[in-house]
1. Which residue out of Glu110, Glu102, Glu9, Glu83 is over 25 Å from Leu184 (Cα atoms), acidic (Asp, Glu) and either crowded, with 16+ Cβ neighbours inside 10 Å or at pLDDT 80 or above (or both)?
2. Give me the pairs: first residue in the range 265-276 and in the same structural domain as Trp325 (by the TED database), second residue open to solvent by less than 80 Å² (accessible area, probe 1.4 Å), beta-carbon distance under 7 Å, and six or more apart or on different chains, which are they?
3. So for the range 206-221 (the condition being assigned by the TED database to the domain that holds Leu167, outside any helix (DSSP H, G or I), among the β-branched types (Val, Ile, Thr) and modelled with pLDDT under 80), does at least one residue qualify?
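The values are calculated or read from the model by the stated rules, or taken from the named source; none is laboratory data. Since the model is a prediction, treat every value here as computed from it, not as a measurement. Methodologically, a virtual Cβ is constructed for each residue, glycine included, from the backbone with ideal geometry; neighbour enumeration extends over all protein chains shown. Heavy atoms of the whole protein, side chains included, go into the accessibility calculation; ligands, DNA and RNA do not. Shrake-Rupley method; radii C 1.70, N 1.55, O 1.52, S 1.80 Å.
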Amino acid sequence: KFYQHVPAEPSQATLASVSPVFAVIKLDKEGNTTYFEKKKTELYQELGLQARDLRFQHVMSIATRNNRIIVRMEFLKAVITPEFLLILDYRNLNLEQWLFKELASQLAGEGQLVTYSLPFEFRAIEAILQYRISRLQGRLNTLQPQILETLEALVDPKLLSVDRSKLHILLQNGKSLSGLETDLKVFKETILEILDEEELIEELCLSKWTDPQVFEESISGIDHAEEMELLLENYYRQAEDLANEARELRLLIDDSESIIFINLDSHRNVMMRLNLQLTMGTFSLSLFGLIGVAFGMNLESSLEEDPRIFWLVTGIMFLGSGLIWRRLLSFLGRHLEPPLPPQVPAVLKKSQPAAGRVDVKNNLKPETFGLNRSTLTNQ
């Protein structure tokens, strides 16, 4: 037992001493940018947070702890304070482009953020939400023309078969659209969860509790909680609009699939009807072909000596086969034709005015609408 326990101690000490290192970007109110690397243990101790607050997760969440706002969404993880914004693990091509070209200028007031006159946390939250909405909008703008082009190529009544490559592309785009709908749903649920709790909205206003001057201004007439609620509602409406567009695109895919199946069923019915007609023609021809079989037997009669019998029998065979085939086709047509539309009752057939519309409203009495179908037909 002693020898088994000794080698376990160094491995446990080594695992305990290993701590992930974050590549961090720090942006302040003036837009100044600082880059550094720091261990996870040192970072959450300096920020006054817990280890689970800096845990990686792909589900979007916006939470507050110890006068800090923790934002998680996909690969973006940010910590917002009243003085600065920290972006953790920013080494991503798309994320770096946003950080270096847009975020710093937006926080410094050079962008088009509506909340520039409000405290720093408003600008940081709006910049992150705007980035998230723009990413979702970009994904939708990429999928929409591809899906419409694929559906236009598939929904064609002249096509007897469906291109499998187009169906594969449509399947991939459908999966991407499902992922986009899921992300929009998570975004909306996260924002709606905050909007439903007044205390959470109050906690997002960090400067209201740290700066006494800001707190006095909010009491005197500028309510930062209402400004935060309006900000979140604005991006919730944008996400709702994107969700409606994605839903309409999904309905268009479903309707197009129905049209494709209808076209394929129509062509399949045509082929089945043609096959049935050929089968009936073969049956009628083989039925009168029995006459030729009878004459083809090695039996002697006086008919084979007459040269006109061959043409007579052949004519009877083809004529009889044609008549039977015609009779079968008429029988098939009667049973496959769609039923006639129901007749309109005579009471509804009124004279049309010059504009071409049927004037029924003034000629029908209120008691007519309470009658059943048989009484109305008799009248």
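1. Values: Glu110 fails: either crowded, with 16+ Cβ neighbours inside 10 Å or at pLDDT 80 or above (or both); Glu102 fails: over 25 Å from Leu184 (Cα atoms); Glu9 fails: either crowded, with 16+ Cβ neighbours inside 10 Å or at pLDDT 80 or above (or both).
When all the criteria are applied, what remains is Glu83.
2. Leu276/Leu332
3. Taking the range 206-221 first, the residues assigned by the TED database to the domain that holds Leu167 are 206-221.
Subsequent filtering for residues that are outside any helix (DSSP H, G or I) retains 206, 211, 221.
Narrowing further to those that are among the β-branched types (Val, Ile, Thr): none.
Within the range 206-221, not a single residue is assigned by the TED database to the domain that holds Leu167, outside any helix (DSSP H, G or I), among the β-branched types (Val, Ile, Thr) and modelled with pLDDT under 80.
Each row is one residue, and each column tells you yes or no for (1) within 18 Å of Val59 (Cβ to Cβ); (2) at pLDDT 90 or above; (3) assigned to a helix (DSSP H, G or I); (4) open to solvent by 10 Å² or more (accessible area, probe 1.4 Å).
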site	(1), (2), (3), (4)
Glu121	no, no, yes, no
Gln130	no, yes, yes, yes
Leu140	no, yes, yes, no
Glu152	no, no, yes, yes
Leu170	no, no, yes, yes
Glu181	yes, yes, yes, yes
